[in-house]
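Here's the structure, in structure tokens; my notes come after.
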Amino acid sequence: MTKKLHILLGLFLVLTYNLVSAQNSTTDVQFETKLSKKSLGINERLRVDFVMNRDGDNFNPPSFENFTVVGGPNSSVSNSWLNGKRSFSKTYSYFLAPKKRGKFTIGQATIEIGGDIFKTIPVKVEVTAAVTKPKDPNDPDYIVSQNIHLVAEVSNTNPYLNEAINVVYKLYVSPNTGVSNWREIDNPRYNDFWSQNIDMKGLKVQNGTYKGEDYRFVVLRKTVLYPQKTGKLNIEPLALDITVEVPTNRRDIFGGRLMKSVNKTVAAGNRTINVKPLPEKGKPVNFNGAVGEFQFEVSTSKNELKATEALIAKVEVVGNGNLKLFKLPKLNLPSSLEVYEPEHTERVTTKLNGMQGRTSDSYTIVPSYQGKYPIPSISFSYFNPKTGSYQTINSEELVINVTEGPINSTIPANTIPGPQKQAVVSSNQFASFKTTTTLLAKEQKQFFKTKLFWGILLAPLFAIPLAILIRRRQEERDRDIIGNRRREANRLARKFLSEAKANLGRKEDFYEAMHRALHNYLKAKINIETFEFSKEKITDLLSLRSVEGSTISSFIKLLTNCEIARFTPGTDAEMQEDYNKAVSVISKLDKQIRKRA
């Protein structure tokens, strides 16, 4: 009897424990509905997840009467252990397409867990009109559009014509989005703009905000633009191919979602710039398109020199603005000065706020006669976009004083500039004449009817036609203007080449003298004038005279060396080498031109 009682008591305890355990196991069950969005367009997709923290059976979804099931059900299970505690999650997912607009309710779903039936709470969702772009939360395009933004930031959308603006391209990425790589696939073409990219020394990740939200960003490109037309101008977008990490429906052994890399294209939108024309009111007559803030100066390398020596007159503009986009004013020089085509020099750097530096024209001037030659004042005008007005700067009037050299016979003696030297009479100017006499001896032979007598008597008769012949030849030579120019240029070429040799070791003086020597040699040989002194013209003229191509190339290369070497470091050995090349090239040219003349 006692044994039966113990068995009955044990069965009662086991049954009671199982009932209590079953009741406890269902008290913490969670079963709920999660929506990817609570409002969507009729052309979008809705994801519905039914999530439970206990495994169950006999799952029944709601009817989805106002939606079409386009995907699902997909089930996934997450089972993990953390600090000895088990974590479990099971999800049934559906992808729905709305049938019409309106406010709808996702009904209850049911599941059986531990013998009990559990139900979700109904949730409401609103379907609106079609949106511009469907938004699928698992769609890579949607992830990119929501979390990655390529932005073109323009410093000024309403500039003046030729006023500098800049475009900075930034790639914004949300903190929870992975971007592993990107590359440019379409570079913008800045039609109707002068443009220059600024070198980027590496990419730096920075923290910032985009539309009020926290983002990380990198600056990909900086470009400076100068609009060349007025009105509405378009800045084309920059396009990137980026590699994005996108979540999938697969999970790892710990229940975490697996990611996959996909390539998507993002682009900065078109930007429109409204360019204002420069005002007509107050525009100077000599305005040549300069826009910015500048200083202007005309200077000379020397104020006093001898005839056939050379000086440099420089017209220079310094400041911030479109330094590469306008022409400098021309010098007005007396016609009696020989002036070479100006050498244009630009020392300009481009920063984010535009061009900075200096630009200049250097004129080589060679006077042929003594005197004082004025360089009249010239003016430079520019538009200042900060003040919205024009400004004009006038240079100082300069005077070139040529102290020694021939006097220009076409100018009357009393009008020749410069101090006139008075003749100084020496007290012994007649010292060569004898003041004492010596009487002839009686036995000296008679001079009358001697050969010397008849020679002196007839010499004037023979000298008259000879003088006439010489005079005619001199007149012909004087009328030969081209020949005289060639002879003068040949003389200057020899002079300047010797001057270059004398200036070996002084870089700027050496190359300046050698450049003039080469120029004057060409004037002497092929009758090329200063305004024709271009490498293309020289090549054509020498080719017409059957000069060998290698000789022409050597001559052009030598000219280029003279132009570049003034502004680059050089050694005495390089100058000696260039001088030897000049002697060799001139010798070859002289032989080939004479041979084929």
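The values are calculated or read from the model by the stated rules, or taken from the named source; none is laboratory data. The model shown is predicted, which means the values in this text are computed figures rather than measured ones. Heads up, the Cβs are rebuilt from the backbone with ideal geometry, glycines too, and the neighbour counts pull from every protein chain shown.
Structure data summary
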{"quantity": "Unmet requirement for residue 335, which otherwise passes all of (1) hydroxyl-bearing (Ser, Thr, Tyr); (2) at pLDDT below 90; (3) in contact with a Ser or Thr (Cβ under 8 Å, 6 or more places away or on another chain)", "calculated": "(3)"}
{"quantity": "Condition met for residue 352 (buried (at least 19 other Cβ atoms within 10 Å of the Cβ) and over 15 Å from residue 298 (Cβ atoms))", "calculated": "no"}
{"quantity": "Those residues of region 319-367 which are small (Gly, Ala, Ser) and over 30 Å from residue 219 (Cα atoms), in sequence order", "calculated": "335, 336, 360, 362"}
{"quantity": "Residue satisfying all of: in region 70-85; touching a strand residue (DSSP E or B) at 6+ places or on another chain (Cβ under 8 Å) and farther than 30 Å from residue 126 by Cα; modelled with the highest pLDDT among these", "calculated": "78"}
{"quantity": "Flag for residue 176 being at pLDDT below 80, surrounded by fewer than 12 Cβ atoms within 10 Å (Cβ to Cβ), outside any loop (DSSP other than H, G, I, E, B) and not assigned by TED's automatic domain parsing to the domain that holds residue 60", "calculated": "no"}
{"quantity": "Residue list for region 515-534, filter: modelled with pLDDT of 75 or more and of a type outside the set (A, V, I, L, M)", "calculated": "515, 516, 519, 520, 521"}
{"quantity": "Strands (runs of 3 or more DSSP E) wholly inside region 270-384 that include at least 3 residues being without any contact (Cβ under 8 Å) to a residue 40 or more places away in the chain", "calculated": "343-351"}
{"quantity": "Filter pass, residue 136 being outside any loop (DSSP other than H, G, I, E, B), within 30 Å of residue 265 (Cα to Cα) and at pLDDT below 75", "calculated": "no"}
{"quantity": "Single match in 328, 333, 337 (criterion: within 22 Å of residue 397 (Cα to Cα), aliphatic (A, V, I, L, M), touching a His at 6+ places or on another chain (Cβ under 9 Å) and not assigned by TED's automatic domain parsing to the domain that holds residue 197)", "calculated": "328"}
{"quantity": "Single unsatisfied condition, residue 248 versus (1) under 30 Å from residue 73 (Cα atoms); (2) at pLDDT 80 or above; (3) of a type in the set (Val, Ile, Thr)", "calculated": "(2)"}
{"quantity": "Tally of residues being closer than 18 Å to residue 392 by Cα and out of contact with any Gly (no Cβ under 8 Å at 6 or more places or on another chain) across region 311-325", "calculated": "3"}
{"quantity": "Filtered residues of region 219-242 (kept if surrounded by 17 or more Cβ atoms within 10 Å (Cβ to Cβ) and of a type in the set (A, V, I, L, M, F, W, C))", "calculated": "220, 224, 225, 233, 235, 238, 240, 242"}
{"quantity": "Verdict on residue 86 being closer than 25 Å to residue 250 by Cβ, surrounded by 16 or more Cβ atoms within 10 Å (Cβ to Cβ) and either of a type outside the set (Phe, Trp, Tyr) or free of Cβ contacts under 8 Å to residues at least 24 places away in the same chain (or both)", "calculated": "no"}
{"quantity": "Per-region count, region 358-390, residues closer than 17 Å to residue 312 by Cβ and within 36 Å of the chain's Cα centre (by Cα)", "calculated": "10"}
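Each row is one residue, and each column tells you yes or no for (1) modelled with pLDDT of 85 or more; (2) in a loop (DSSP other than H, G, I, E, B); (3) of a type in the set (Val, Ile, Thr); (4) within 23 Å of residue 116 (Cβ to Cβ).
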{"residue": "25", "(1), (2), (3), (4)": "no, no, no, yes"}
{"residue": "29", "(1), (2), (3), (4)": "no, yes, yes, yes"}
{"residue": "34", "(1), (2), (3), (4)": "yes, no, no, yes"}
{"residue": "59", "(1), (2), (3), (4)": "yes, no, no, yes"}
{"residue": "68", "(1), (2), (3), (4)": "yes, no, yes, no"}
{"residue": "87", "(1), (2), (3), (4)": "no, no, no, yes"}
